[in-house]
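Input: a single structure, listed below in structure tokens.
The values are calculated or read from the model by the stated rules, or taken from the named source; none is laboratory data. Because the structure is a prediction, the values reported are computed rather than measured. Backbone-built Cβ (ideal geometry, glycine too); neighbour counts: all protein chains shown. Remember, those area values only see protein heavy atoms, side chains included, never the ligands or the DNA or RNA. Shrake-Rupley method; radii C 1.70, N 1.55, O 1.52, S 1.80 Å.
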Amino acid sequence: MSAADAPALKPAPSGGAGDERLLHRSLARRLMSRPELGSVVGAIAVFVFFSLVAEPFLRPASLSTILYASSTIGIMAVPVALLMIGGEFDLSAGVMVISSALVSSMFSYQMTADTWVGVGVSLLVTLAIGALNGVLLTRTRLPSFVITLGTFFMLTGLNLGFTKLIGGTVSTKSIADMEGFDSARKVFASHLTIGSVDIQITIVWWLALVALATWILLRTRAGNWIFAVGGNADAARAVGVPVTRTKIGLYMGVAFAAWISGQHLLFSYDAIQSGDGVGNEFLYIIAAAVGGCLMTGGFGSAIGAAVGAFIFGMASKGIVYAQWNADWYKFFLGAMLLLATLLNAWVRKRAEATS
């Protein structure tokens, strides 16, 4: 058939009748589809509110303190968000931070080793704990709530038991005078001075983890796997997604962040209270949920979790700057969780309706 005999191709009609892949989506529709939209709106509201009711809130030093408080939550909230997108929880994340610090401190002190040796041993032990959570989850098929709740109690008991058994008290010995302490402090607990403002190194760690997690989610095959196993693990397994490896990797990601947070605590104060960390896991989960991660998995973003952590950083310090009773912070946590869950559900329904 010659070109002249070929039937003329009719142009696709304008409007919604053409190929959906070629349709132009408006900026409003693209924004509505973003999981972190609700948290960004909430962050703006919280920022404006405390700017009006708390005069010290906008001072440069205050903003630095707010960012530091946000980073201590955000470092953990980012990998917890990825785990939630993958459809799982980790209730042991808070005490795992303390376990990481205790292993590093006690190994260095008891073995009279360079503190970097303790840091390395701590990394291996913490990653092993994360891997154990993932292996138990995938082998037993029990809910992650049950698996990590058991790990939570085990680590809580080990933290207290080993610390008292080895040192006779509930806190570790100071390692401030040991070799390698100063260089390790520069990596995990130093600060940068910009003008008259101190920027803690945890803020740098936090932003780096957000960038890394966002790249993984949006630009790598592993990111597709995370969304797939969170949406429907059985369907993902049927099309060749390595569900077991993905979930173990996500738990090890949480463990890696716990190691960073634990070393920060250790090298900030040079000693650790073994009973700390209990309850912090809820802060990480709430920050991720406020940031748009669904409790059922398959939807969310690392940026949203970072914004959720920023909201709690603003609230924790804004209440102090406004000279309110700090007990209201817990009420704020619960209220933000409920409001964010409702807002995120509404945003997702709107996004599905306009897509």
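Values computed for the structure shown
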| quantity | calculated |
| --- | --- |
| Phe267 vs. criteria surrounded by fewer than 23 Cβ atoms within 10 Å (Cβ to Cβ) and either under 24 Å from Ile44 (Cα atoms) or aromatic (Phe, Trp, Tyr) (or both) | no |
| Helices (runs of 4 or more DSSP H) (entirely within region 215-313) containing at least 1 residues that are of a type in the set (S, T, N, Q) and more than 30 Å from Asp182 (Cα to Cα) | 221-231, 243-269 |
| Test for Ala211: is it in a helix (DSSP H, G or I) and out of contact with any Leu (no Cβ under 7 Å at 6 or more places or on another chain) | yes |
| Verdict on Val48 being more than 30 Å from His264 (Cβ to Cβ) and at pLDDT 90 or above | yes |
| Candidates Phe282, Phe256, filtered to the one that is open to solvent by 40 Å² or more (accessible area, probe 1.4 Å) and modelled with pLDDT of 95 or more | Phe256 |
| Which listed residue, of Met106, Met84, is crowded, with 24+ Cβ neighbours inside 10 Å and either polar (S, T, N, Q) or in a helix (DSSP H, G or I) (or both) | Met84 |
| Failed criterion for Val307 (all others in (1) open to solvent by less than 30 Å² (accessible area, probe 1.4 Å); (2) closer than 20 Å to Gly130 by Cβ hold) | (2) |
| Subset of region 321-331 that is assigned to a helix (DSSP H, G or I) and modelled with pLDDT of 80 or more - its residue that is least open to solvent (accessible area, probe 1.4 Å) | Tyr321 |
| Pair list, Cβ under 8 Å, 6 or more apart: region 234-249 residue within 26 Å of Thr126 (Cβ to Cβ) and open to solvent by less than 30 Å² (accessible area, probe 1.4 Å), other residue among the charged types (D, E, K, R) and not in a loop (DSSP other than H, G, I, E, B) | Val243/Arg237 |
| Options Val197, Val146; residue that is over 22 Å from Gly253 (Cα atoms) and of a type outside the set (S, T, N, Q) | Val197 |
| Asp198 being in contact with a Ser or Thr (Cβ under 8 Å, 6 or more places away or on another chain), under 30 Å from Ser62 (Cβ atoms), surrounded by fewer than 19 Cβ atoms within 10 Å (Cβ to Cβ) and not β-branched (Val, Ile, Thr) | yes |
| In region 333-350, residue surrounded by the fewest Cβ atoms within 10 Å (Cβ to Cβ) [restricted to those that are closer than 11 Å to Leu37 by Cα and modelled with pLDDT under 70] | Arg348 |
